[in-house]
Every structure is written in structure tokens, then in C-alpha cells.
Amino acid sequence: MIIIVTAKRKTAIARAYIKEGNGKVTINSIPLQVYEPFLARLRISEPLILAGEDYVSKVNINVKVKGGGYMGKAEAVRIAIAKGLVKYFDDNKLKLLYLQYDPYMLKSDPRRKEQRKSPTSKARKHYTTAYR
């Protein structure tokens, strides 16, 4: 049985393939143990640590992620892994654990970068006027 789950964060999109195995986790064909940068690796491993060795050692997780920056990719992978583990094991206790730890671990974060407006250099920056 193979479970396919998708997740989004900012402009990053991750697809996680979860199947029966021995605990291997790869992101874009790179093992999690050597994935860089270190902060992204820590963020990705949060759902695996929370689930525990008894869940993770029964499955192989392969994630393909594209778009966005490195932390956006890490967040998308984190959401995809958590959703996939809950769906694969169909365990309500695991779902409640994830929701209690971080509500955005099982749902995508809707926040996006605000669009830049025409005459200015940033989204909300405006020119000052001094004509009084």
C-alpha cells in the first residue's frame, strides 16, 4: 500500500510517498541525515521525532519538493510527512499529538507574500509628503 500526500507552504509544494519499509527518509533523493541546511533538517524531522521509532521504522518516506526557498521547502516537507503518517497508520492518537504540538503540522499555512504596489519599492512603503 502506497500513500501519496501533498502539502504547500508559501510557494513550495511537496509530495510525500509513504510505503512499507524500514525507516528510510529521502527528500529529492537525498537522505535526511545529510540534508542541508541543518535548521531545515531539524524542522523536517519534527513529525518523525514526535511519532516515535515504532511508527517511523515501519515505513519508507520519499518526498519530492519544488519551488520556494529552503525553509518553505522544509515546512512543506514537514506538513507532507505528518499528514502522510496520520493517513498511513489511520491513528487518531497520532493526529491529536500533532495538532497539540502545532496546528499547522496537518494543514497548509495560507499566508503568502504580499504583492508589491506600483510606484513604491515594497508592499506597504509609500513616499512621504511635506507640503504643509
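The values are calculated or read from the model by the stated rules, or taken from the named source; none is laboratory data. Predicted model, so just to flag it, every value in this text is computed and none were measured. Virtual Cβ from ideal backbone geometry, glycine too; neighbours counted across all protein chains shown. The protein model used for the area step is the full one, side chains on, heavy atoms only, and it has no ligands, DNA or RNA in it. Shrake-Rupley method; radii C 1.70, N 1.55, O 1.52, S 1.80 Å.
Can you work out ³J(HN,Hα) from phi for every residue in the stretch 3-12, in order, using Karplus 6.51 cos²θ - 1.76 cosθ + 1.60 and θ = phi - 60°, giving whole Hz and x for Gly and Pro?
For the stretch 3-12, the Karplus-derived couplings read 9, 10, 10, 10, 8, 10, 8, 6, 9, 8 Hz, x marking Gly and Pro.
Taking the square root of 5 times each eigenvalue of the Cα gyration tensor, what semi-axes in Å does the equivalent ellipsoid of the chain have, largest first?
Working through the eigenvalues yields semi-axes of 36, 16, 12 Å.
Of all the Cα-Cα pairs you can form in the stretch 92-132, what percent are over 13 Å apart? Before the final figure, lay out each step's value.
On the way: 562 of 820 pairs.
Within the stretch 92-132, distances greater than 13 Å cover 69 percent of Cα pairs.
Counting alpha carbon pairs within less than 8 Å and at least 6 residues apart, what relative contact order, in whole percent, applies to the chain? Each step should come with its number before you reach the end.
On the way: 217 pairs, mean separation 40.0, N = 132.
Relative CO of the chain lands at 30 percent.
Nearest 20 debye, what's the magnitude of the dipole of the stretch 1-94 about its Cα centre given +1 on Lys and Arg Cβ and -1 on Asp and Glu Cβ? Before the final figure, lay out the partial values.
Numbers: 16 positive and 8 negative charges, 96 e Å.
Approximately 460 debye in magnitude.
Accessible area per residue of the stretch 79-132 at 1.4 Å probe, in Å²? Don't skip to the end; give the middle numbers.
Details: 4460 Å² over 54 residues.
Heavy-atom accessible area per residue stands at 83 Å².
Put +1 on the Cβ of each Lys and Arg and -1 on the Cβ of each Asp and Glu in the stretch 92-132; which of Ser118, Tyr101, Tyr131 then has its Cα farthest toward the positive end of the dipole?
Checking the options against the dipole of the stretch 92-132, the answer is Tyr131.
Which far-off residues, 5 or more places away or on another chain, put their amide H under 5 Å from the one on Ile61, with H placed in the peptide plane?
It is Lys24, Val25, Thr26, by chain and number.
Can you find, among Ala82, Gly67, Asn22, the residue farthest towards the positive end of the dipole of the chain? Put +1 on the C-beta of Lys and Arg, -1 on that of Asp and Glu.
The one lying farthest along the dipole's positive direction is Gly67.
For the stretch 1-51, what relative contact order do you get, as a whole percent, if you take Cα pairs closer than 8 Å and at least 6 residues apart?
That works out to 22 percent.
For the stretch 75-132, what relative contact order do you get, as a whole percent, if you take Cα pairs closer than 8 Å and at least 6 residues apart? Mind dumping the intermediate values first?
Values: 29 pairs, mean separation 15.3, N = 58.
Relative contact order, the stretch 75-132: 26 percent.
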